[in-house]
Structures are given as structure tokens and as C-alpha cells.
Amino acid sequence: MLRLQNYIYFCKVKIAKWSYLEKEIIMKNDKFAETNVSYTTKEAIEEAKRCLNCKNPLCIQGCPIEHDIPAFVHQLSMGNIGAAMQIINEKSNLPAICGRVCPHEKQCEGHCILNKKDNPVKVGKLERFIADFDSDMVLIKERLKPKTRGKVAVIGSGPAGLTVAGDLAREGFNVVVFEGQKEPGGVLMYGIPEYRLPKEIVRREIKKIEALGVTFINDFLVGEKMTVDEMLAHEFDAVFIGSGTSVPKTLDIPGIKLYRVLQSSYFLRMVNLYNSGDISREAVPLMEGERVAIIGAGNVAMDAARTALRMGAKSVNVIYRGTEENLPALKTEYNEALEEGTNFMWESRTVECIGENNTLNSIRVETPNGEIIMPVERVFIAVGSKPANRIVSTSLGIEVNENGYVITKEHPYGMTTRKGVFAGGDVVHTPQTVVLAMREAKQVAKGIAQYVDAVKLLSE
Ligand SMILES: Cc1cc2nc3c(=O)[nH]c(=O)nc-3n(C[C@H](O)[C@H](O)[C@H](O)COP(=O)(O)OP(=O)(O)OC[C@H]3O[C@@H](n4cnc5c(N)ncnc54)[C@H](O)[C@@H]3O)c2cc1C
């Protein structure tokens with residue numbers, strides 16, 4: 001019997017290896033192929049064996065959701081991928097995503113003791129390997145609890161909404177996610193480019209959450225098709241708002257409304273739709289051979305720059321008022337943008353977009369060496385974003401601060417000024433990161449569970 005099980009496991013590993021190879025062959029023809037290639041099983045196990053299993057593991061302290069990193073890495077080092085996945089599942093609903101897009105250099109890997117030798121254990125890549133292997137092999141099938149504790153509406157299916165949905169479903173809540181876009185995933189699906197986070201990976205992670213018994217209703221804008229008041233009045237015991245920051249900020253300079261001056265978030269969304277086969281190449285707002293200027297230098301700007309180059313831009317200049325030292329983007333993202341051919345203009349300010357017949361043809365930039373006129377065909381703005389007010393303006397009693405961020409309480413954690421309505425993620429805490437939205441959402445899920453249990457107990 002044991003030999004048969006070993007044989008089946010061996011076959012599964014072989015199939016997994018073939019599927020990785022197959023993926024790589026397809027990806028070689030694709031400009032948007034994932035840049036950071038996964039480990040093979042042998043490489044992953046060898047990397048896991050480098051972990052020193054420290055008595056006081058600093059990597060856990062570096063992880064915002066306090067993953068038990070030494071424990072899952074240890075299981076992997078012994079080839080127990082299913083056991084490793086079970087440990088990961090205790091803390092995260094999105095490991096294949098976190099393994100790819102978390103700022104590991106600042107978190108787990110940045111805290112690893114082996115950093116002293118400039119060679120930390122590659123925790124992100126290991127997490128991603130385990131999660132991908134689990135999806136390929138369908139290693140773990142979770143036992144579902146009956147959905148008897150209450151019914152919760154989740155608005156938005158970014159990392160915050162997905163985390164609340166997954167955690168509450170595991171705890172026996174009936175969860176319905178309402179998403180305004182055609183597909184769930186939020187920024188994971190429509191913002192972060194394919195070459196950093198393949199959309200098939202996002203879809204697979206969401207399928208796992210669906211398998212916990214969560215219902216997804218897409219193309220459903222709350223505030224238009226239904227209000228929070230109606231949700232609470234009809235069937236839901238609580239509502240979670242995880243609607244992110246979908247309104248991009250702009251600049252107050254002449255010419256900002258010219259044709260071909262666009263938001264980076266819009267450009268990235270259109271390219272993701274093009275890559276998914278939803279729109280034609282002509283619908284992407286960048287033609288081959290165009291010269292591009294990007295205003296801002298955060299991670300969104302790096303994504304826009306690298307994506308513009310992949311779409312055939314002749315040149316890409318990132319214009320930033322600060323210095324290289326205080327660049328807001330992650331160092332790894334910056335280095336990759338540089339390597340791929342992005343040019344950076346430091347301590348420079350775009351003061352005007354210039355055009356003819358309402359169409360952009362150049363920009364005026366103040367640089368440390370004086371003012372210049374730079375011919376460009378596109379400007380992509382990347383100076384931040386803020387929450388939309390569609391949900392709060394159509395329902396009673398949900399207060400926001402002066403910048404439109406939803407105000408929440410400590411007890412029960414994450415509740416807004418409206419009873420039974422909770423919020424978390426970027427809509428509360430300004431644009432942050434995937435894992436910080438998840439950390440917050442995990443706590444809010446606990447707050448929602450406490451609130452619904454208490455209300456039900458009192459009404460008995
Ligand atoms: C281009 C880009 C790249 C990024 N790269 C990284 C990275 O590499 N690593 C990292 O950690 N972080 C990154 N971030 C930040 C990270 O993606 C966000 O912090 C995170 O997605 C926030 O999660 P959220 O769930 O709060 O919101 P979102 O991901 O924004 O999700 C909100 C969801 O709510 C939906 N929604 C909004 N209003 C309504 C409504 N009225 N009705 C129904 N649905 C609604 C939206 O359609 C969306 O799906 C990046 C952000 C951007 C924009």
C-alpha cells in the first residue's frame with residue numbers, strides 16, 4: 001500500500017515538473033512572461049535546507065501576518081509539501097500571491113539571520129513554490145464547516161475582501177462577495193502586471209476561496225445596484241467594505257486634460273485586459289514607438305514604466321521631484337525598471353503638458369540643470385489614489401475622514417460608525433501593500449465574527 005502511495009506521489013511530482021516546463025516554453029514567446037521563474041522541486045528542497053531553524057526566528061517578526069516560516073520551510077526541506085501547505089493555510093488565503101508580490105526584502109528575507117552573509121533564505125520563492133505545487137496537485141482539501149453562524153456581505157474582492165471572505169467561510173459563515181469588476185481580484189487582477197503576477201495564479205487562489213463555500217457576484221457595483229442599507233435590511237447580518245482606493249489623484253498643471261495624458265492605473269488596467277484577451281491591441285492607450293513620460297516614482301510608476309516598454313514604447317522617462325535615495329518604489333522594482341531600459345530624471349518637476357489640437361506632444365520639465373521641453377506622445381500619472389465615495393454616500397451613518405478614508409473602531413475591531421458595517425484594507429489605511437491589507441482584514445474578520453455571534457446571542 002505504502003509503495004503504491006509513493007508511486008502515485010512520484011507520478012504527481014513528474015507531472016508537476018512537466019507542467020512547469022510546459023509553462024516556461026509558452027512563456028518564452030511572451031513579453032509578459034513571469035520574470036521571476038519558480039524553483040524546481042529539487043531546488044526548493046535544497047533552498048529550504050539552508051534554513052538554520054533559529055531559536056528566535058526573526059523572519060516571523062518580519063512577516064506582517066506572522067507566518068510560521070521556520071515550520072513550513074522545515075516541512076518542505078523534508079519533502080512534506082502538503083504539511084507545509086497546511087501550516088501556510090493557517091495564516092494566509094493568498095500564499096501564491098504573497099510569495100510573488102510581497103516586499104520580502106523588507107519583511108521575512110530582510111530579517112533572516114543569513115542576511116549577514118547577504119544570502120537570506122528565499123522565503124517568498126519557497127512560499128510561492130509550495131502554494132503553486134498545492135494548486136497543481138490539489139494536495140489539500142479542506143473540511144468545510146456548515147454555514148450556520150450568519151450571513152456576511154463583502155464589498156470588493158481585493159486582498160482585503162478575499163481575506164475576510166476566506167477567514168469567515170472557514171469559521172462557518174455564509175459569505176457573498178460583491179465585486180464591481182468583471183472578475184474578482186481587485187488590484188491583483190487589474191493593477192499588478194502579468195509579468196509580476198500571472199492572472200492565472202490569481203484565478204487559482206480565488207478558486208480555492210470559492211471552494212470554501214464563498215459566493216462571488218461580479219459586475220455588481222454596490223451603491224448603484226444595491227446600497228449597504230438594503231444589504232443590512234434584507235439578508236445580511238454584517239457588511240464588510242474592502243473597496244480600496246479606486247480614484248487616482250492628479251496634478252494641477254496646465255495641459256493635464258490633454259488627449260494622451262492618462263492615469264497609470266488606467267493604462268495598467270487596459271494592458272491587463274488586453275493580456276486576458278478582453279480588449280484589442282488598439283484599445284491599449286500606447287502605440288509602438290511612442291515616447292512616454294511617467295510622473296511619480298512609486299511602485300505603480302515602476303509597473304507603468306516596465307509595462308510601457310513591453311508594449312513597445314520607444315523611450316520611458318520617470319520624472320520624480322525627489323532624489324534617487326528617497327525613491328518611494330521598492331529597490332528591486334527600481335533595479336528591474338533600470339535594467340529593462342527606463343530612464344530616471346531626479347529632482348525634476350513636470351510643470352506643463354503641451355499640445356496641439358488638444359493632443360499632447362511634449363512636456364515642460366524643471367530639472368536641476370534648468371528647464372527643458374521634452375517631446376513625448378504619452379504621459380502616465382502615478383501620484384497616488386484615494387477611495388471613491390459611491391458606497392458611503394449612498395448609505396447612512398458611515399463616516400469618513402477629510403481625505404475620504406473610512407473611520408473604524410478598535411471594538412469590535414474594524415467596525416465603522418455604522419453598526420454592523422465593517423471596513424478594512426486600503427479604504428481605511430491609505431494605499432499600502434497586499435499583506436498589510438490582509439493583516440488588517442484578518443483582524444476585521446474576527447471583529448465581524450464577534451459582532452454577529454453577540455447579536456445572535458442577544459436576540460435569542
Ligand atoms: C499597480 C499597482 C501595483 C502594486 N504592486 C504591489 C506589490 O507589488 N506588492 C504589494 O504588496 N502591493 C502592491 N500594490 C498595493 C496593493 O495592491 C494594495 O495595497 C491592495 O490591493 C489593497 O487591497 P484592498 O483589498 O484594500 O483593495 P483593492 O485591491 O483595490 O480591491 C478593492 C476592490 O473593491 C472593488 N470595489 C470598489 N468599489 C466597489 C463597489 N462600489 N462595489 C463593488 N466592488 C467595489 C474594486 O473593483 C476592487 O476589486 C500595488 C498597487 C497598484 C495599484
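Here are the numbers:
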{"item": "PHE240 being of a type outside the set (Val, Ile, Thr), part of a strand (DSSP E or B), over 18 Å from ALA388 (Cβ atoms) and within 12 Å of the ligand (Cβ to nearest atom)", "result": "no"}
{"item": "Exclusive hit being within 13 Å of the ligand (Cβ to nearest atom) and modelled with pLDDT of 95 or more, set VAL175, VAL154", "result": "VAL154"}
{"item": "Pick from segment 370-416, criterion basic (Lys, Arg) and within 14 Å of the ligand (Cβ to nearest atom), ranking: nearest to HIS429 (Cα to Cα)", "result": "LYS386"}
{"item": "Residue within segment 161-169 that is away from the ligand (no atom under 15 Å from the Cβ) and in a loop (DSSP other than H, G, I, E, B) present", "result": "no"}
{"item": "Criterion (within 11 Å of the ligand (Cβ to nearest atom) and either surrounded by fewer than 22 Cβ atoms within 10 Å (Cβ to Cβ) or assigned to a helix (DSSP H, G or I) (or both)) met by exactly one of GLU224, GLU230", "result": "GLU224"}
{"item": "Elements of type helices (runs of 4 or more DSSP H) in segment 58-99, at least 1 residues being over 24 Å from LEU212 (Cα atoms) and among the hydrophobic types (A, V, I, L, M, F, W, C)", "result": "58-62, 69-77"}
{"item": "Breaking point among (1) farther than 23 Å from MET189 by Cα; (2) surrounded by 15 or more Cβ atoms within 10 Å (Cβ to Cβ), for GLU90", "result": "(2)"}
{"item": "Selected residue (criterion: surrounded by the most Cβ atoms within 10 Å (Cβ to Cβ)) from residues of segment 293-324 that are over 21 Å from the mean Cα position of the chain (by Cα), in contact (Cβ under 8 Å) with a residue 40 or more places away in the chain and within 16 Å of the ligand (Cβ to nearest atom)", "result": "ILE294"}
{"item": "Close pairs from segment 361-383: first closer than 21 Å to THR323 by Cβ and surrounded by fewer than 18 Cβ atoms within 10 Å (Cβ to Cβ), partner of a type in the set (Gly, Ala, Ser) and modelled with pLDDT of 95 or more, Cβ under 8 Å, at least 6 apart", "result": "GLU366/SER348; THR367/SER348; PRO368/SER348; VAL383/GLY296"}
{"item": "Number of positions in segment 39-57 that are part of a loop (DSSP other than H, G, I, E, B) and surrounded by 19 or more Cβ atoms within 10 Å (Cβ to Cβ)", "result": "3"}
{"item": "Any hit, segment 194-212, residues being within 14 Å of the ligand (Cβ to nearest atom) and either of a type in the set (Ser, Thr, Tyr) or within 17 Å of ASP237 (Cα to Cα) (or both)", "result": "yes"}
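The values are calculated or read from the model by the stated rules, or taken from the named source; none is laboratory data. All values reported here derive from a predicted model rather than from experimental measurement. With ideal geometry, Cβ positions are generated from the backbone for all residues, glycine too; neighbour counts draw on all protein chains shown.
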